[in-house]
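We did not get these values from a lab; they are worked out from the coordinates using the rules stated. Just so you know, these numbers come straight off a predicted model, no measurement behind them. All Cβ positions, even for glycine, are placed from backbone atoms using ideal geometry, and neighbour counts span all protein chains on display.
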Amino acid sequence: MYTREQASQMRQAFWTTFGQYMAPIPSAEGMRINWSNYKTGLKNVYFRMRAEKKAASIGIEMTHRDLEIQQMFFEQFQALKLVLHETLGETWEWELHAQDELGETISRIYTELPAVNVFNKDDWGTLITFFKPRIIALDEFWTDAQYAFDSLK
C-alpha cells in the first residue's frame, strides 16, 4: 500500500513517462502538443486519460454546469458519432448526464481498459499502448470536428 504522497509521485512518474514517450509525436496538424494535457480549445470540453489502481480510461468529457448546454455539446458529438468511431477504429460508450467521482453531473464518451494498475510499473507499457493510439485518433478527429462546435462557443 502506498501513502497518499507515494501514490501521487507514482502517478506523476507515469504521466511524465507517457509525456516523454509521446513528445516526439506531432499533432495531426504537425504541431508540437502536450498529449497528457490535451487542450480542445472549448471551455468545459476535455479529452481525459485516467490511470488508476484497477483500470484505465480515455474519453471526451463535457462538464458545463448548465445541463441543457452540456446536452447540446453531447448532441453535437452524437451528430459526429460515425466519424468519431471510424477515426478511433472502435466503438466507445456514450453517457449523457452521468455522475463523476465528485458527484458532479457530466456527459462523456469513453472507453476503458480493465485489470491494469498504474502503481504496477509492469503495466505501464500496456497503459501507454492503450492511450497512445486513442489520444492520437482523438486529435485527428478533433482537427476537423472542432469547427462543428463553433456555434456553441
- Separation of the Glu104 and Arg11 label points, Cα + 7 Å toward Cβ, nm: 1.4 nm
- Task: Could you tell me which helices of the chain pass both thresholds, a Cα extent of 30 Å or more along their own axis and a mean Kyte-Doolittle hydropathy of at least -0.5, with helices taken as whole DSSP H runs?
- Result: 124-145
- So what is the relative contact order of the chain, in percent, for Cα pairs below 8 Å that sit 6 or more residues apart? 27 percent
- Message: Can you find, among Ala13, Asn117, Ala145, the residue sitting farthest towards the positive end of the charge dipole of the chain, where Lys and Arg contribute +1 and Asp and Glu -1 at Cβ?
- Response: Ala13
- Item | Distance in nm between pseudo-label sites at Ile25 and Asn37 (7 Å out along the Cβ direction from Cα) | 2.0 nm
- Message: Taking each pair of distinct Cα atoms in segment 1-60 once, what is the resulting Kirkwood hydrodynamic radius in Å?
- Response: 13.2 Å
- Once both label points are put 7 Å beyond Cα along the C-beta direction, the Thr126-Asp150 separation in nm becomes 4.4 nm
- Query: Most mobile of Gly89, Gly103, Gly19 per a Gaussian network model of the chain (Cα springs, under 10 Å)?
  - Reply: Gly103
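Sort segment 42-83 into rounded, prolate or oblate with this rule: let a ≥ b ≥ c be the square roots of the eigenvalues of the Cα gyration tensor; rounded if a/c is under 1.5, and if a/c is not under 1.5, prolate when a/b is larger than b/c, oblate otherwise. Mind dumping the intermediate values first?
Working: a/c = 2.79, a/b = 1.58, b/c = 1.77.
Here segment 42-83 falls in the oblate category.
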- Task: For the chain, with a Gaussian network of springs between Cα atoms less than 10 Å apart, report the residue from Thr129, Thr63, Thr87 with the top mean-square fluctuation.
- Result: Thr129
- If you take the C-alpha gyration tensor of the chain, multiply each eigenvalue by 5 and take the square root, what semi-axes do you get, largest first, in whole Å? 26, 19, 14
